[in-house]
Every structure is written in structure tokens, then in C-alpha cells.
Amino acid sequence: MRSNNVALESIIGYSLLICVMLALFLEIVGLMLYISAGNSLSISLDQKLSVQEENFFTYTLRTISSAIRSPSYVNLMSLGIAILMFTPYLRAVFSVAYFILAKNYKYTLITSFVLVVITISLMVQ
């Protein structure tokens, strides 16, 4: 069972690394598109950059759809931020699965509680 735990820990670690690297890549590409469009690096509080959905999950789905249909700098950078924000949630989901497979019910309960709290916080704007 120990080798299965190590494999599962590796899967969790690599999936988190992939999420962070993908978010970083999208941010860099979005920033390059932003600068190449002749925009300055000054801070803007433009309303089109704010979250305008009822919760994080619908925002993420809209952002994915927008980035696929029209990969503009706003859409790519929004997707990068959404992926980065989704990473801790993914970690909690994987941790619950890990502790269930390891038959560690104490940590399954604790991590499930954390997952519920994160889920509620992402559903409430």
C-alpha cells in the first residue's frame, strides 16, 4: 500500500505543479498580448476585468469558454487567475481521495470539512 501512497502523492504534486505552471504561462502570454496591443502597464480598475458572475464556478466556466472562443489578453489572463485560484480547491479534492484510499478516516473527515468550506466560499460572492 505504501507504493500506492507514494504514486498518489506524486500525482497530486505533479497536478498542482501543472496547474501553477499553466496559470503562469497564461499570465505571461496574456501580458505579452496586452503589451503588444500598445497598452501601458499602469493599473486599471476597468469593470470588464472584475468578476461579474454569481459564483466562482460559473465565472470559471465562462472564462474557459471565452478563452477558447476568443483568446484575447483579458480572457487568457482571467483564465490564468481562475486556474491559480482553483489549485487549492483541486488540492483539497485530491487530498480527500488520497485519505479515503489510504483508509485514514480522521484526515478524510478533516479534509472533507476543508473542502466544504472552500466550496462554500467559492459559491458565495
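The values are calculated or read from the model by the stated rules, or taken from the named source; none is laboratory data. A quick note: this is a predicted structure, and the numbers were derived from the prediction, not measured. Every residue, glycine as well, gets a Cβ built from its backbone with ideal geometry; the counts of neighbours run over all protein chains shown.
Among the listed residues Leu31, Leu76, Leu24, Leu41, identify the single one that is surrounded by fewer than 16 Cβ atoms within 10 Å (Cβ to Cβ), of a type in the set (A, V, I, L, M, F, W, C) and touching a residue at least 40 places away in the same chain (Cβ under 8 Å).
On the way: Leu31 fails: surrounded by fewer than 16 Cβ atoms within 10 Å (Cβ to Cβ); Leu76 fails: surrounded by fewer than 16 Cβ atoms within 10 Å (Cβ to Cβ); Leu41 fails: touching a residue at least 40 places away in the same chain (Cβ under 8 Å).
So the residue among Leu31, Leu76, Leu24, Leu41 that is surrounded by fewer than 16 Cβ atoms within 10 Å (Cβ to Cβ), of a type in the set (A, V, I, L, M, F, W, C) and touching a residue at least 40 places away in the same chain (Cβ under 8 Å) is Leu24.
Looking at (1) at pLDDT below 90; (2) of a type in the set (Val, Ile, Thr); (3) in contact with a Cys (Cβ under 9 Å, 6 or more places away or on another chain), can you tell me which one Ile83 breaks?
Unmet condition: (1).
Give the residues of segment 52-66 that are without any contact (Cβ under 8 Å) to a residue 24 or more places away in the chain, surrounded by 15 or more Cβ atoms within 10 Å (Cβ to Cβ) and among the hydrophobic types (A, V, I, L, M, F, W, C), sorted by residue number. Spell out the reasoning first.
Pass one, segment 52-66, residues without any contact (Cβ under 8 Å) to a residue 24 or more places away in the chain: 52, 58-59, 61-66.
Those still in the list that are surrounded by 15 or more Cβ atoms within 10 Å (Cβ to Cβ) too: 59, 62-64, 66.
Listed by number, the list holds a single entry, Ile64.
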